[in-house]
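In what follows, a structure is listed as C-alpha cells, so that the remarks can point back to it.
What follows is calculated from the coordinates using simple rules that are stated; it is not laboratory data. Keep in mind that what you see is a predicted model, and the values were worked out from it rather than measured. Virtual Cβ from ideal backbone geometry, glycine too; neighbours counted across all protein chains shown.
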Amino acid sequence: MANKLSEDSNMIWESSRMLLPEHKALMREHELTPEPIKKPHLTDDAFQELNQTIAHALNHQLKVQISYYHNNQIIHYSGTCRRLLNTDTLELEVSDGFDHLTLANIVMIDLI
C-alpha cells in the first residue's frame, strides 16, 4: 500500500483534503437548514372549523395555539387573539408583544 510519500502517490491532490473554514460553515448551515414544507391544503370542512374557532377566540379573547405557514416552514405561536386587522390579518398577543398573522396562512388553531 502506497502512502503519500511513495513514488506512486499523487502529491498534487493531497492538499485538496483540507477544508476552508468558510466551506465548513456552509456545510454546517446546509445540514442544519430544515427541509422545505409544502403548504397544507385545507378542506372546506376544516376551513369552516378554523373560521369558527378564530371567531370564538376573538369574541372571548381566548388563548390559542396556532400553526402558521411561513417561508416553507410551519411555525407555532401561542397567545391571546385580540382583533382582526383589514379583515385578513389576526393580531395575536404573545409574551413579548404582538404578532400579526395572515389568515390565509393559518394551518391549524387550537384553544388552550
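Applying a DSSP loop filter and a limit of 12 other Cβ atoms within 10 Å to the trypsin sites (Lys or Arg not before Pro) in the range 11-112 leaves 38. Phi angles across the range 100-105 convert, under the Karplus curve 6.51 cos²θ - 1.76 cosθ + 1.60 with θ = phi - 60°, into 3J(HN,Hα) values of 10, 10, 6, 4, 5, 9 Hz, Gly and Pro given as x. Close amide H pairs (under 5 Å, H built 1.01 Å from N) link residue 62 with 81, residues at least 5 positions away or on another chain. Residues whose amide H comes within less than 5 Å of that of residue 108, counting only those at least five positions distant or on another chain, are 67 (H built at 1.01 Å from N in the peptide plane). At q = 0.22 Å⁻¹, work out log10 I(q)/I(0) for the range 44-111 with the Debye formula, treating every Cα as an identical point scatterer and leaving solvent out; two decimals please. Per q value, in the given order, log10 I(q)/I(0) is -0.91. The HN-Hα couplings worked out from phi for the range 57-74 by the Karplus form 6.51 cos²θ - 1.76 cosθ + 1.60 (θ = phi - 60°) are 5, 5, 5, 10, 6, 8, 7, 9, 10, 10, 9, 10, 8, 8, 6, 6, 9, 9 Hz, whole numbers, x standing for Gly and Pro.
Taking amide H as placed 1.01 Å from N in the peptide plane, the amide H of residue 89 sits under 5 Å from that of 103, each at least 5 places away or on another chain.
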